[in-house]
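The values are calculated or read from the model by the stated rules, or taken from the named source; none is laboratory data. All values derive from a computational prediction rather than experimental measurement. Here the Cβ positions follow ideal geometry from the backbone for every residue, glycine too, while neighbour counts run over all protein chains shown. To get the accessible areas, we keep the full protein, side chains included, count just its heavy atoms, and leave off ligands, DNA and RNA. Shrake-Rupley method; radii C 1.70, N 1.55, O 1.52, S 1.80 Å.
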Amino acid sequence: MPASLHGVDLAVWRSASGRLSAWKDRCPHRGMRLSHGFVRGETLSCIYHGWVYGTDGGCNRIPAHPDLVPPAAIKAETFACMETHGVIWIGTADAKGDVPDLDGMQGLRSMTFACHADDLVRALPEFDATRAGVLRGETAVAGHPAKICLLLQDGGQARTIVHAMCAAGDDGIAVSRWLEGLRRQTEEGMAA
Ligand code: FES
């Protein structure tokens, strides 16, 4: 899957055994996007010339030179990553590695809002915004209280990617509609 973090294009992939990897979306050979590649077992192969990379990012095989042991220097650029509660966290070099406590929450959907994260904080004054990039609170959704957590990612160009979570057992479809309404309301507020 292609992804983006702080303007860096990434290829995020999961091996057959379930191991998660996040790499710069650039093949060390000729720069093809690795997110166009394909997973076979514990490897990711580039779609262009078929170079094969292991989960550590190292090149295992160059099909045009089957007898060659690829030099260790041929390596995809890797990022630290982990997964909790259905959310994948990817760390840049300066990441501290602490993630919010999301116990009892489950991933719902991700959506791009044409606004800054601060606009969302202002639109939800009843939500707790004490931790940067995390908005959490309880609000009425379709007549019922719902616990919601919004993880805010800078999408560049005045956009925010919102990764929405709701409490396990809550009505995800209703929360999803609430989120769409929030986007409409926030973007209309920006346009006004
Ligand atoms: S560009 Fe990836 S194998 Fe050539």
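So, taking all protein chains as they sit and a 1.4 Å probe, how much accessible area belongs to Cys27, in Å² rounded to tens?
0 Å²
Counting other Cβ atoms within 10 Å of each Cβ, which trypsin sites (Lys or Arg not before Pro) in the stretch 3-53 have at most 12 and sit in a DSSP loop?
Answer in residue order: Arg19, Arg30.
Report the full-extension gain for the segment Ala123 to Arg30: residue separation times 0.36 nm, less the Cα-Cα distance, to one decimal in nm.
Using 0.36 nm per residue and subtracting the Cα-Cα distance, I get 29.0 nm.
Would you mind computing, in nm to one decimal, how far apart the modelled labels at Ile47 and Asp9 are, each placed 7 Å from Cα along Cα→Cβ?
For Ile47 paired with Asp9, the spin-label model returns 1.2 nm.
Farthest toward the dipole's positive end in the stretch 1-156, which of Gln106, His6, Phe79, given Cβ charges of +1 (Lys, Arg) and -1 (Asp, Glu) about the Cα centre?
Phe79
Run the quick spin-label model on Arg159 and Asp101: label points 7 Å from Cα toward the beta carbon, then report their separation in nm to one decimal.
Result: 3.5 nm between the two label points.
Whole number in Å², please: accessible area per residue of the chain, 1.4 Å probe, ligands, DNA and RNA not counted.
Accessible area per residue, the chain: 57 Å².
Taking only C-alpha pairs under 8 Å that are 6+ residues apart, what is the relative contact order of the chain in percent?
Result for the chain is 13 percent.
To the nearest 20 debye, what is the magnitude of the charge dipole of the stretch 1-134 about its Cα centre, counting +1 on the Cβ of each Lys and Arg and -1 on the Cβ of each Asp and Glu?
Dipole magnitude for the stretch 1-134 comes out near 640 debye.
For each cysteine in the chain, check whether another cysteine's C-beta sits under 4.7 Å from its C-beta; list those where none does.
Cys59, Cys81, Cys115, Cys149, Cys166
Relative contact order for the stretch 100-192 using alpha-carbon pairs under 8 Å, separation at least 6, rounded to a whole percent?
Answer for the stretch 100-192 is 34 percent.
In degrees between 0 and 90, to the nearest 10, how far off the longest principal axis of the chain does helix 172-191 point, with axes built from Cα atoms?
The angle comes out at about 80 degrees.
Please give the length that would be gained between Thr130 and Arg109 if that part of the chain were fully extended, namely 0.36 nm times their separation in residues minus their C-alpha to C-alpha distance (nm, one decimal).
Result for the pair: 5.3 nm of gain on full extension.
Give me the extension gain from Ala142 to Ala168: residue separation times 0.36 nm, minus the current Cα-Cα distance, reported in nm with one decimal.
Value of the extension gain: 7.7 nm.
Report relative contact order for the stretch 2-57 in percent, whole number only (criteria: Cα-Cα under 8 Å, sequence separation at least 6).
26 percent
Using a 1.4 Å probe over the heavy atoms of the protein chains, calculate the carbon and sulfur portion of the accessible area of the stretch 1-132 as a whole percent.
Reported share for carbon and sulfur atoms: 52 percent.
Filter the GluC sites (Glu not before Pro) in the stretch 11-89 down to the DSSP loop ones having no more than 16 other Cβ atoms within 10 Å, then list what survives.
Within the stretch 11-89, the qualifying GluC sites (Glu not before Pro) (loop, at most 16 other Cβ atoms within 10 Å) are Glu42, Glu77.
Once ligands and nucleic acids are excluded and a 1.4 Å probe is used, how much of Val162 is accessible, expressed in Å² to the nearest 10?
Rounded to the nearest 10, that gives 0 Å².
Could you tell me which of Trp178, Ala16, Gly91 has its Cα farthest along the dipole of the chain towards the positive end, charges placed at Cβ (Lys, Arg +1; Asp, Glu -1), taken about the Cα centre?
Farthest towards the positive end: Ala16.
Show me the GluC sites (Glu not before Pro) within the stretch 119-192 that DSSP assigns to loop and that have at most 11 other Cβ atoms within 10 Å of their Cβ.
In loop regions of the stretch 119-192 (DSSP not H, G, I, E or B), the sparsely surrounded GluC sites (Glu not before Pro) are Glu126.
Pop out the carbon and sulfur fraction of the accessible area of the stretch 133-192 as a percent, whole number, probe 1.4 Å.
49 percent
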